[in-house]
Amino acid sequence: MTMKWWQRSVFYQIYPRSFADQNGDGIGDFAGMAAKLDYLHRLGVDAIWLSPHFPSPFLDCGYDISDYTGVAPEYGTIEEFSHFLQQAHTRGIRVILDLVLNHTSDQHPWFRESRSSRDNPRRDWYIWRDGRDGGPPNNWAAIFGGSAWQLDPTTGQYYYHAFLPEQPDLNWRNPEVKAALWSVVRFWLDLGVDGFRLDAIATIFEHPELPDHTLAVSPDAIVDANELPWDDYWQLLHFQLHQPGLHELMQELRALVDSYPGDRVLIGEDEQVAFHGSGDDELHLVFNFPLMRTERLTPAHIRANQAQRLAELPPGAWPCNTLGNHDSPRVWSRYGDGTHDAALARLHLALLLTLKGTPVLYYGEEIGMANLELSDPGQLRDTTAIRRYRMLTEREGVAPQAAMGLVAASTRDRCRSPMQWNSTPNAGFCPPEAHPWLPVHPNHRLGVSVADQEGDPGSLLSFYRHLLGLRRATPALVSGDYQLLDPESEAYLAFTRRDPASGQTCLVLLNFTPAQLTPGIDPGALRGRLLFSSTGRPDHELTLHDLTLTPFEVLIAELLEAEPRTRN
Ligand code: NOJ
Ligand code: CA
């Protein structure tokens, strides 16, 4: 099978506001990002996923777009975007954009027109309904809390919003909406982008008859529905997610993207493998979110996840694994144990780069950036966190300091702080005298920075570079089949990746404990060529029957003889 570029690639998500500020206004920009492309090239990533860079009032950090074919002025100009794209391509790095199809900003000219009168030609571009019994049309909640309906006084009707009231949902049953968004897709493809990450793709359609959901919860009690128990989440949003028509729409989008040369890619922000369609007629990739939906990445969790995920993918579909993004806590903080964080961060990266599938990394992960700890409500930028703080203090009477503690422990601001380039004030993200849009994490002075780690062969950054290089040079780690070797161990994970094309088989052993251990796989007459060990083993060739793993060891070897068998 010939692998497509997006199957071989490692993606790296950039949050434009937080990556590099060139003009000193405290906000990341395209000039800053372009200046860091050599860094990304050296790091060894193949593709960038850019979070939204479009003009936006910024009530949802750019996921509220007011112009789909523009560039946010604080980030630069369309010329600067094109320069960035061309410079990335020159280095062999592809770039995909964030495509927010479900909703616009309420400041988008389309919505301004739509809300202006009931008979405006764009009225039906959004979802307008009359109220019921003096209230909203039904009991639906917005994912970010409160009713999903907002009364608009100009016309006395309600509009629907799956997220914030400032993010009205487009009416995808109107062919003009579809045509307008498809021309947006063409605009960026014509400029040469390599594909899109599709935001909140399950929210595109709603049940046309607006039936009430059956969960006994007030919409006002919700701050972020993603935090609800799984079953409650689905009961609440039953009529607002994954509605009929979605797959046909994805097929149309896929055909559009496929009409361009270069294997442009579509990555859905969803975990349902149904978005692969028949395997090759809808989205190319959907995130394996269940892998990261855990407090600890244990061997048992990973094994169960892989067993289920790989089994449910339709033939021809390719997995996509990630551990962090702009909506979730930092990998370092989330999966660390407070004692062995540095070792665990290495283990988790090794996992992501050796599992079958396309890995997606999040900026700053490579230097071990940790959750930002905010203490002042004035520093919050995540609108849902600001709302949660108000609810706690104003409605529930929680004391300000205690409320801030609760909000600080959940806000998405935690993982969006500026990239830490060096140990100077503001971490080299912006000039020392500038005011970054979110505070820089103080640990940039404590070795968590690119400059501090760059020349240190023992640093996390060096580990990332080394493993990314190894993956690139090792066909089995990119394209090989995954086969689990030990179905039970609580302490380690052992699997092979076997690439039929090259005949190469790699053994991956990950020790998740702070103890030495001997893996329970039957080594037989097995010999292996050591490709990597986090312990720095001196031997080039390994006999595996007496192999002992050191604490938290990552060991990758190319098998030289018959594959190992599971011990009976
Ligand atoms: C998912 C995005 O990842 C998140 O950041 C955003 O708030 C919602 N979609 C709404 O666009
Ligand atoms: Ca700037």
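The values are calculated or read from the model by the stated rules, or taken from the named source; none is laboratory data. What you are looking at is a predicted structure, and each value in this text was computed from that prediction instead of being measured. Here Cβ is always computed from backbone atoms with ideal geometry, including for glycine, and neighbour counts include all displayed protein chains. Accessible surface areas use protein heavy atoms only, side chains included; no ligands, DNA or RNA. Shrake-Rupley method; radii C 1.70, N 1.55, O 1.52, S 1.80 Å.
Values computed for the structure shown
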{"item": "Förster-model FRET efficiency, 60 Å R0, SER183 and THR543, C-beta, rounded to 0.05", "result": "0.45"}
{"item": "Compactness of region 109-160, expressed as Rg and Dmax over alpha-carbon positions, Å", "result": "11.1, 31"}
{"item": "Sequence ranges 78-88, 304-314, ranked by mean other-Cβ count within 10 angstrom, highest first", "result": "78-88, 304-314"}
{"item": "Per-bin percent of Cα-Cα distances, region 82-195 [10 Å]", "result": "14, 37, 26, 16, 7, 1, 0"}
{"item": "Rounded D (µm²/s) - region 480-559, Kirkwood Rh over Cα pairs, Stokes-Einstein at 10 °C, 1.306 mPa s", "result": "125 µm²/s"}
{"item": "Cα→Cβ-extended label distance, 7 Å offset, between HIS83 and ALA473, nm", "result": "3.5 nm"}
{"item": "Sum of -39500 (n - 2.57) over DSSP H runs of 4+, divided by residues of the chain (222 nm, nearest 500)", "result": "-7500 deg cm²/dmol"}
{"item": "Distance between modelled label sites at ALA402 and ASP232, nm, 7 Å Cα→Cβ extension", "result": "2.0 nm"}
{"item": "Chain lengthening between THR518 and ALA311 when straightened (0.36 nm per residue, less Cα-Cα)", "result": "71.6 nm"}
{"item": "Surrounding net charge for PRO551, when Lys and Arg each add one and Asp and Glu each subtract one, Cβ distance under 13 Å", "result": "-1"}
{"item": "Accessible surface of ASP212 - all protein chains present, 1.4 Å probe, nearest 10 Å²", "result": "60 Å²"}
{"item": "Accessible surface, region 282-377, averaged per residue in Å² (probe 1.4 Å)", "result": "29 Å²"}
{"item": "Rule-of-thumb Rg ratio for region 241-299 [Cα; 2.2 N^0.38 Å; N residues]", "result": "1.33"}
{"item": "Solvent-accessible ranking of THR104, THR383, largest area first, probe 1.4 Å", "result": "THR383, THR104"}
{"item": "Charge-dipole axis of region 480-559 as Lys and Arg at +1 and Asp and Glu at -1 on Cβ define it, positive-most pick from GLN483, GLY528, LEU493", "result": "GLY528"}
{"item": "Relative intensity, log₁₀ I(q)/I(0), of region 205-245 from a Debye sum that treats every alpha carbon as a point, q = 0.17 Å⁻¹", "result": "-0.46"}
{"item": "Peptide ranges 549-559, 145-155 listed from the most packed, as the mean C-beta count within 10 angstrom indicates", "result": "549-559, 145-155"}
{"item": "Region 480-559 - percent relative contact order, Cα under 8 Å, separation 6 or more", "result": "32 percent"}
{"item": "Antiparallel DSSP beta bridges within the chain, as percent of all bridges there, nearest 5", "result": "60 percent"}
{"item": "Label-point separation, ASP280 to ALA35 (7 Å along Cα→Cβ), nm", "result": "4.5 nm"}
{"item": "Equivalent ellipsoid semi-axes, the chain, via Cα gyration tensor eigenvalues times 5, rooted, Å", "result": "41, 26, 24"}
{"item": "Whole-number percent relative contact order across the chain, with pairs defined as alpha carbons under 8 Å at least 6 apart", "result": "12 percent"}
{"item": "Charge sum, other residues only, whose C-beta stays under 15 Å from VAL407's C-beta, Lys/Arg counted +1 and Asp/Glu -1", "result": "0"}
{"item": "Of the DSSP H helices in the chain, those whose Cα atoms cover at least 15 Å axially and whose Kyte score averages 1.0 or more", "result": "341-354"}
